Amino acid sequence: MSQIPQAVRERADTLHQQLDDANYQYYVEDDPRITDAEYDALLRELQSLEAEHPELKTPDSPTQRVGAAPAERFEEVTHAVPMLSLDNAFDDAELAAFVKRVADKLECDGDTLAFCCEPKLDGLAVALVYENGRLVQGATRGDGRTGEDVTLNLRTLRSIPLKVMGKEYPDLFEVRGEVYMRHSGFEALNARARENGDKVFANPRNAAAGSLRQLDSKIAAQRPLEFCAYQLVSRENKSLANIDAPHSEQMKWLKSWGFRISPLLDVVKGERGVIDFCHRLGEQRNGLDYDIDGAVIKVDSLRDQRELGFVSRAPRWAIAYKYPAQEQTTTLNDVVFQVGRVGTLTPVAKLEPVRVAGVTVANATLHNMDEIERLGVRIGDTVIVRRAGDVIPQIVGVVESQRPATTRAIEMPEHCPVCGSQTERLEGEVAARCSGGLFCPAQRKEALKHFASRRALDIDGLGEKLIDLLVEREWVKTPADLFRLEAERLAELPRLAEKSANNLVNALEAAKHTTLARFIYAIGIREVGEATAASLARHFGSLQALSEASLEALEAVEDVGPVVARHIHTFFRQPHNQETLEDLQGVGVTWEEVEIAGRPQPLAGQTWVLTGTLESMTRDDGKARLQALGAKVSGSVSKKTAGVVAGEAAGSKLEKAQNLGVEVIDEREFLQRLAHWESASSEDAQPTAPEDTP
Ligand code: IVH
């Protein structure tokens with residue numbers, strides 16, 4: 001066994017602690033203190049230390065959450081304490097009856113009885129067993145008596161501590177809780193699936209269930225699953241003095257051991273308190289980033305819980321209050337096609353209006369033709385509509401048993417419903433699009449809305465309705481036309497008084513002065529979001545340089561892959577786009593000069609790799625400095641790598657570089673070269689391109 005230097009061991013411990021803390025801040029406290037990129041950088045550093053010194057790789061290391069070899073099947077697990085279900089209450093009267101039943105049985109005053117109230121997360125119940133503070137087993141609920149051993153999958157959840165925090169915990173205990181997926185994670189997962197032609201999940205619960213039962217934990221590791229604890233089941237206790245503390249107190253212990261508990265949990269008194277909680281939570285429900293299907297009300301005292309006991313499969317001391325369902329059935333009356341900013345045709349379902357989770361739904365998205373095919377839905381069908389929180393209402397299924405004889409197939413129109421241009425479906429794309437470009441008023445409207453939006457040119461007072469009107473009256477055809485609008489004429493528009501017409505003209509004037517990054521984002525190149533626009537601005541420094549960049553030069557930019565590079569390249573080679581850009585500059589749109597503009601880039605076209613720990617700077621700093629010199633910085637070594645900077649404790653990348661004969665330099669050499677390259681890059685610095693700011 002190789003001797004691990006003390007400094008390396010200490011660094012690994014620090015990284016381990018920092019990563020655990022970051023998980024706790026993010027998942028338990030809802031208070032992230034470091035960015036995802038910083039987290040990844042720490043994780044990579046720990047991974048490389050562990051690669052160099054495998055003895056550092058303990059089972060509870062944060063690097064061990066990436067999944068293991070696929071399993072053939074899941075083992076069966078018998079729950080030491082059965083996992084029961086709950087009785088339901090559907091209205092205030094049933095809640096009041098529950099409180100009365102409990103008080104009668106305990107022969108106490110219901111008004112003073114304490115209840116712990118929690119949201120009922122809509123996911124899957126799991127049981128986690130900890131021995132001496134370490135996670136040893138995680139299982140699904142199954143039929144309540146036996147479940148499946150999904151430990152490998154559960155270990156990949158960053159909200160599940162592999163080792164509990166603190167010192168005061170029982171030697172053997174079980175934590176139960178819900179595994180669920182947030183709406184944001186769910187939508188990102190489905191968007192990715194749609195792009196890759198993979199299975200799309202109907203709702204976050206199904207997505208969570210499907211992910212948790214993945215035999216390949218490497219796949220589970222990529223699914224945005226989270227865990228929230230709701231019960232401590234103590235099996236053996238040598239260190240906790242009062243295991244009979246109230247349930248709400250035990251939830252606080254769980255939090256101190258590193259488990260997420262619901263931030264909405266509350267202890268209330270009597271019938272009034274319980275009913276108020278359920279109503280309050282019902283009002284918050286739609287604003288949450290995850291699905292809840294009700295509230296769980298529990299008698300807080302464990303002694304009272306024991307006295308109350310169970311009836312058949314459910315405890316007498318708890319009840320689930322159920323909210324109205326988030327899914328309903330209705331008729332699909334028609335499908336229309338909406339045209340987006342780059343011409344994408346999106347099918348929108350026109351529904352017989354139906355109330356779902358408190359809101360009337362008449363439209364729902366069908367995403368694209370593949371989705372329609374997957375659902376097998378036809379016009380006239382009875383469909384299942386789902387609406388949760390801010391999620392756009394969706395059609396998640398068809399009730400085929402109720403299909404009338406008169407249904408019609410949904411067909412992609414051959415002509416754009418707005419401008420009549422031919423529609424086309426490009427090779428490898430799921431979406432069909434209108435070929436009309438900016439000739440199509442729908443695309444024009446969307447392009448203008450994007451151009452004026454807050455993160456683009458941020459034109460105050462230029463809302464969607466107004467843009468629709470301006471395009472319909474043909475006062476505005478291109479973004480530059482916006483800046484030619486006059487207050488007098490604008491005041492003619494309905495609902496736009498003289499004062500707001502003046503304000504709008506002033507806002508347009510103010511918006512003319514922007515930044516290069518915002519401008520690049522605003523012009524609406526396909527797949528160039530805010531972050532990519534910022535990288536492009538930083539990298540090229542001027543619109544001129546960007547518009548002339550070759551495909552290779554574009555691909556050298558952080559975040560830009562071959563597809564995006566092609567979109568950018570094509571965009572600048574369209575004469576009408578060039579005209580638009582010139583026109584915009586002609587009406588006075590200007591931006592700040594970007595620092596690197598015009599600077600020579602001695603490392604342009606080169607790919608560098610940083611590995612190990614640098615003494616004098618963080619790896620991110622090193623990376624930024626290389627990028628500023630034009631280099632691309634990659635996470636892996638290949639034949640094409642120009643050089644590898646190997647810091648302290650560099651691992652497998654160093655080895656690979658040596659095998660491939662790629663040049664490796666140490667930190668001292670790196671600093672010398674940086675100094676040399678950076679001076680070369682600033683001495684010859686040319687004045688920033690004046691043509692950018694006419
Ligand atoms: S307590 C014996 N608390 O609801 C009582 N359950 O029908 C054990 N659930 O399968 C359950 N949120 O998956 C409890 N805060 C919460 C819950 C909750 C969701 C689920 C759980 C269980 C089902 C009970």
Next item on the list: Would you kindly enumerate the cysteines in the chain that have no other Cys beta-carbon under 4.7 Å from their beta-carbon?
Entry: Cys108, Cys116, Cys117, Cys228, Cys278
Check: Using 0.36 nm per residue, how much length does the chain from Leu551 to His513 gain when fully extended, once their Cα-Cα distance is taken away?
Finding: 10.7 nm
Note to self: With n ≥ 4 as the cut-off for DSSP H runs, can you work out [θ] at 222 nm for the chain, using -39500 (n - 2.57) per run divided by the number of residues, rounded to the nearest 500?
What the structure shows: -10500 deg cm²/dmol
Margin query: Run the simple label-point estimate for Gln137 and Glu307 please: 7 Å along Cα→C-beta, distance reported in nm.
Written below: 3.4
Margin query: Going by amide H atoms built from the backbone, whose H comes under 5 Å of the H on Leu225, apart from near neighbours?
Written below: none
Next item on the list: Could you list which residues have their amide H under 5 Å from that of Gly397, counting only those 5 or more apart in sequence or on another chain, with H placed in the peptide plane?
Entry: Ile384
Item checked: Sorted by Cβ neighbour density within 10 Å, fewest at the top, the residues Ile297, Ile292 -> Ile292, Ile297
Next item on the list: Kindly put His79, His367 in sequence by how many other C-beta atoms sit within 10 Å of each C-beta, fewest to most.
Entry: His79, His367
Margin query: Calculate the FRET efficiency for Thr365 and Arg573 from the Cβ-Cβ distance with a Förster distance of 35 Å, rounded to the nearest 0.05.
Written below: 0.60
Checklist line | Ranked list, fewest to most other Cβ atoms within 10 Å of each Cβ, for Lys477, Lys449, Lys199 | finding: Lys199, Lys477, Lys449
Notebook entry, point to check: If you add up the charges near Ala362, with Lys and Arg at +1 and Asp and Glu at -1, over every other residue whose beta carbon is less than 15 angstrom from its beta carbon, what do you get?
Noted result: +2
Item checked: Separation of the Glu648 and Lys105 label points, Cα + 7 Å toward Cβ, nm -> 6.1
Item checked: Residue-wise HN-Hα coupling along the range 69-81, computed from phi with Karplus coefficients 6.51, -1.76, 1.60 (Hz; x: Gly, Pro) -> 4, x, 9, 7, 7, 8, 6, 7, 10, 8, 6, 4, 10
Next item on the list: Specify which residue in the list Leu84, Pro32, Ala69 is farthest towards the positive end of the charge dipole of the range 1-136, using unit charges on the beta carbon of Lys, Arg (+1) and Asp, Glu (-1), about the Cα centre.
Entry: Ala69
Next item on the list: Grab the Cα-Cα distance for Gln6 and Glu283, subtract it from 0.36 nm times how many residues apart they are, and report the gain in nm with one decimal.
Entry: 94.2 nm
Checklist line | Nearest-20 debye value, the range 319-397 charge dipole, Cβ charges on Lys, Arg, Asp, Glu | finding: 200
Next item on the list: Mark the label point 7 Å from the Cα of Thr406 along Cα→Cβ and return the residues of the range 349-382 whose backbone N is within less than 19 Å of it.
Entry: 350-353, 378-382
Notebook entry, point to check: By how many nm would the segment from Glu592 to Asn333 lengthen if fully extended, with 0.36 nm per residue of separation less the alpha-carbon distance?
Noted result: 88.1 nm
Notebook entry, point to check: Can you run phi through the Karplus equation (6.51, -1.76, 1.60; θ = phi - 60°) for the range 129-137 and list ³J(HN,Hα) in whole Hz, with x for Gly and Pro?
Noted result: 9, 10, 10, 6, x, 10, 5, 10, 7
Check: Sorted by average packing, counted as other Cβ atoms within 10 angstrom per residue and highest first, what order do 518-524, 602-608 take?
Finding: 518-524, 602-608
Notebook entry, point to check: Where does each of 122-131, 614-623, 103-112 land if you order them by average Cβ count within 10 Å, highest first?
Noted result: 122-131, 614-623, 103-112
Note to self: Please give the Cα centre distance for the range 319-334 versus the range 628-675, rounded to the nearest Å.
What the structure shows: 57
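Using mean Cβ contacts within 10 Å as the protection proxy, how do 204-215, 298-309 order, highest first?
Top of the packing list down: 204-215, 298-309.
Each reported figure results from applying straightforward, stated rules to the coordinates on display, with no laboratory input. For clarity, every value in this text was computed on a predicted model and none was experimentally measured. Cβ: placed from backbone, ideal geometry, glycine included. Neighbour counts: every protein chain shown.
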